[in-house]
Structures are given as structure tokens and as C-alpha cells.
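I have placed the structure first, in the form of C-alpha cells, so that the comments after it can refer back to it.
The values are calculated or read from the model by the stated rules, or taken from the named source; none is laboratory data. The model shown is predicted, which means the values in this text are computed figures rather than measured ones. Note that each Cβ is placed from the backbone with ideal geometry, even for glycine, and that neighbours are counted across all protein chains shown. Please note that ligands, DNA and RNA were not included when accessible areas were found on the heavy atoms of the full protein model with its side chains. Shrake-Rupley method; radii C 1.70, N 1.55, O 1.52, S 1.80 Å.
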Amino acid sequence: MFSAYAVAYCQEDTQEQRTTPGRKPKPSKPKLGKSTNKGPRTVLKRGKFKKVGDSISVQTGDTLELRCRGKPVQWSVPKYLEEDDDGRLRIVQHKRYGALTLVNTTGADTGEYTCYPMYCEDTDCRKEYDKAVRVFVFFPDPQELFVPSSDYYEAIQLRTNWPTLLPCQVTSPEAKVTLHREFPPVEVAVDGTEISFNVKRGFTIHRPRPHHAGALFCVASLGNLRQSSTKYMLIYVNCEYPMAPPAPVIQASSSSVAVGVNLRVSCSVVGEQDVVVEFTWEYPGQQIGRPLYTQESISPIGGGAARQQSQSVLLVDEVRDVDQGAYTCTALNLQGAKSVDMDV
């Protein structure tokens with residue numbers, strides 16, 4: 001079992017480590033196929049341990065140290081630190097644990113820190129993603145309620161039936177965050193179903209629709225401080241993504257066909273326009289190697305909504321006794337697959 005613990009302590013308590021800032025030393029090699037670990041712990045003061053929670057808060061300016069028991073381990077940090085840590089980030093692999101140290105912390109360091117145990121065979125090592133330990137670290141800043149951004153606005157595509165995230169990342173879990181539309185100026189209702197909020201991620205629009213498009217921003221308040229976030233320009237894109245798995249309907253030219261007569265078995269799906277549906281067939285003649293002959297077509301359906309019918313027709317020329325039995329059609333789109341069958 002993998003385990004980790006975290007340490008957060010003030011700047012003046014920091015012990016100097018014999019490493020070069022910003023350098024990641026080569027991890028020590030573990031025994032073949034093994035990782036030595038136990039269950040997650042947090043150290044908030046030297047010598048006092050408690051289990052790691054989903055999140056912790058560390059005051060800006062303090063030093064954060066995260067320790068992850070295991071040999072070796074690898075770390076992932078917020079994107080801001082991956083791009084430029086200004087030499088404030090140090091990662092060291094000790095004999096029994098890996099240590100991540102971040103000094104001179106700011107609100108911009110807020111985010112998820114993850115430790116991955118490594119499974120090694122000889123010199124080949126890989127991350128064990130299913131055993132990762134994650135902790136979200138807030139760095140409350142009395143002057144900045146939102147994690148700083150260099151962008152005045154961010155363009156985000158709204159894709160049909162694909163959740164859209166507005167990453168209004170706050171530096172303090174105590175901040176109250178609301179969502180607002182720029183024009184007309186109104187607060188957007190957050191009901192937890194259509195739109196929900198998570199203090200570690202931001203606002204999620206679960207099933208985007210055209211009416212969600214426009215300029216939106218977040219407002220955070222804590223005590224007497226109230227601030228607005230980056231503006232998010234939401235652009236609705238018809239990305240041709242299906243709303244649900246297909247619902248095929250199967251029909252035959254006749255439920256009882258005489259030997260020597262041609263048979264047609266059709267499978268059709270009515271769905272959103274421009275959504276691709278793929279068909280596969282299982283039929284009695286497969287058992288003796290009868291070749292598959294199909295005709296496929298797509299035709300629009302009239303009415304208010306943009307709909308279409310996708311169809312696949314299985315052709316059986318000059319039916320034989322071996323062609324008697326179950327015909328199964330499976331229709332597949334990006335949301336899933338469904339099969340229907342009939343006996344002939």
C-alpha cells in the first residue's frame with residue numbers, strides 16, 4: 001500500500017537541505033516490482049502527524065513541505081509552478097520518502113499537488129496512477145482572492161453535452177464565489193444540476209446550450225474584500241456530439257421468406273443531425289462464411305429540430321435454409337452502443 005504525509009511550517013522553522021534549488025536528483029532504485037508505503041499522513045508542525053485530508057491551507061510566505069513515503073516517487077504540481085517556479089521549488093528523493101519543498105509561497109501557488117509511487121523493473125519505471133495521493137493546497141492571500149492570471153479574458157468553447165469548466169480558482173476555501181453575466185448584468189443561478197460549483201475547480205456547466213454563451217465572470221467575497229475574476233468568453237460550438245446512445249429499430253422485408261427469395265433486413269436510427277452512427281451485423285449465414293452485403297444511407301427528417309435517420313440494410317440474395325435464424329444489428333455512436341435483433 002502507498003502512503004504519504006505532508007508538512008507545512010513557517011519560514012523561520014525551515015531546515016536547510018543539502019540540495020541545489022530546482023534540481024531533481026536521480027531517484028534511488030527500489031527492489032524489483034515493489035513499492036514500500038503505508039497510509040497518508042500530514043505534518044503541520046515538526047514531530048506532530050495527522051492524516052492528509054483532501055485539502056490544507058498554508059499562509060502565503062510560509063514554506064510548504066510535502067513528503068511522500070516510498071522509493072522512488074514522482075510529483076506533479078500546479079501548471080504555474082511547472083512553467084516557472086523561480087527556483088522556489090525543490091524536490092528531493094530520500095531513502096524512504098520523497099520530499100517537495102516550496103518556499104516564499106504566494107496565492108498563485110494554489111492548486112493540486114500529487115505524489116505518484118513508481119513501479120520499477122530493472123531500469124524501467126512507470127507511475128502507478130491508481131495509487132496516487134493528492135492534496136489540494138490553498139494559499140490564502142489577504143490581497144488576492146483569485147489565483148492571479150495574466151489574461152484579461154479567456155475564450156472557452158461550449159461543446160454540446162460535454163461539461164465546460166470555468167476555472168475561477170480562489171486562494172481561500174472560505175471565499176464566497178458567485179457567477180455573473182456581463183450583459184445583461186445579472187447573477188447566474190447555480191442550482192447544482194445545470195451549473196455547479198467546486199471550490200477547488202470552479203464552476204461547471206454540465207450540459208452546455210446556446211443560451212450559456214456570452215461573457216461571464218466570477219465574483220469572490222471574503223470579509224470586506226470583494227473582487228472579480230478573469231472574464232470568460234463562452235462560445236457555443238455544435239461539436240456534433242450525440243445526446244444519448246442510439247436507439248436502433250430493426251425490420252425485415254418479411255418475417256417468413258421462402259427459399260430462393262431475396263431478403264432485406266433494415267436497421268435504422270433517428271438522432272441528431274451530423275452525428276455519425278456505425279452499424280455492425282450478426283446473421284446466421286456467418287457460420288458458413290456467407291459474405292456481408294449492406295447498403296447504408298443518411299436522410300434528413302423534417303420538423304423544427306435538426307434530425308436525421310441513419311440506416312443500414314442487410315441484403316440476403318436467394319435465401320437458403322442456413323439463413324434462417326436471428327439477425328442482430330448493433331448501432332454505435334460516441335455515447336455508446338445498443339443492439340436489437342429479430343428472428344427470420
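Residues in the range 300-344 that are among the aromatic types (F, W, Y) and part of a helix (DSSP H, G or I): how many?
The number of residues fulfilling the criteria is 0.
Does G285 satisfy the criteria of being open to solvent by less than 90 Å² (accessible area, probe 1.4 Å) and at positive phi?
The answer is no for G285.
Regarding L234, is this residue of a type outside the set (D, E), in a strand (DSSP E or B) and closer than 27 Å to D54 by Cα?
So L234 fails the test.
Which of the residues belonging to the range 152-177 are buried (at least 16 other Cβ atoms within 10 Å of the Cβ), assigned to a strand (DSSP E or B) and among the hydroxyl-bearing types (S, T, Y)?
Once the filter is applied, which keeps residues that are buried (at least 16 other Cβ atoms within 10 Å of the Cβ), assigned to a strand (DSSP E or B) and among the hydroxyl-bearing types (S, T, Y), the range 152-177 yields only T164.
Taking the stated definitions as given, is Y116 of a type in the set (F, W, Y) and part of a strand (DSSP E or B)?
When the stated conditions are applied, Y116 passes them.
Would you mind finding the one in A213, A189, A244 that is closer than 30 Å to P167 by Cβ and open to solvent by 60 Å² or more (accessible area, probe 1.4 Å)?
Only one candidate qualifies: A189.
Quick one: which residue in V276, V270, V265, V261 is part of a strand (DSSP E or B), at negative phi and open to solvent by 40 Å² or more (accessible area, probe 1.4 Å)?
Result of the check over V276, V270, V265, V261: V270.
Are any residues in the range 196-207 open to solvent by less than 80 Å² (accessible area, probe 1.4 Å) and either outside any strand (DSSP E or B) or over 22 Å from S172 (Cβ atoms) (or both), and if so, which ones?
V199, K200, I205, H206
Does R226 count as more than 26 Å from M342 (Cβ to Cβ), of a type in the set (K, R) and at pLDDT 85 or above?
yes
Matching residues to (1) buried (at least 19 other Cβ atoms within 10 Å of the Cβ); (2) at pLDDT 90 or above; (3) in contact with a strand residue (DSSP E or B) (Cβ under 9 Å, 6 or more places away or on another chain):
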site	(1), (2), (3)
V52	yes, no, yes
K71	yes, no, yes
Y80	no, no, yes
D86	no, no, no
L89	yes, yes, yes
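Being within 30 Å of R209 (Cβ to Cβ), among the hydroxyl-bearing types (S, T, Y), modelled with pLDDT under 90 and within 24 Å of the chain's Cα centre (by Cα), is that true of even one residue in the range 120-132?
no
State all residues of the range 288-344 that are of a type in the set (F, W, Y) and under 14 Å from V249 (Cα atoms); if no residue qualifies, say none.
Y327
I need the full set of residues from the range 93-130 which are in contact with a Pro (Cβ under 6 Å, 6 or more places away or on another chain) and surrounded by fewer than 18 Cβ atoms within 10 Å (Cβ to Cβ), in order please.
Answer for the range 93-130, where residues must be in contact with a Pro (Cβ under 6 Å, 6 or more places away or on another chain) and surrounded by fewer than 18 Cβ atoms within 10 Å (Cβ to Cβ): just E128.
This table checks each residue for (1) at pLDDT 85 or above; (2) hydroxyl-bearing (S, T, Y); (3) in contact with a Gly (Cβ under 8 Å, 6 or more places away or on another chain).
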position	(1), (2), (3)
E240	no, no, no
P246	yes, no, yes
Q251	yes, no, no
G289	no, no, no
T294	yes, yes, no
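Among the residues of the range 166-175, is there at least one that is out of contact with any Gly (no Cβ under 6 Å at 6 or more places or on another chain), over 24 Å from I235 (Cα atoms) and free of Cβ contacts under 8 Å to residues at least 60 places away in the same chain?
yes
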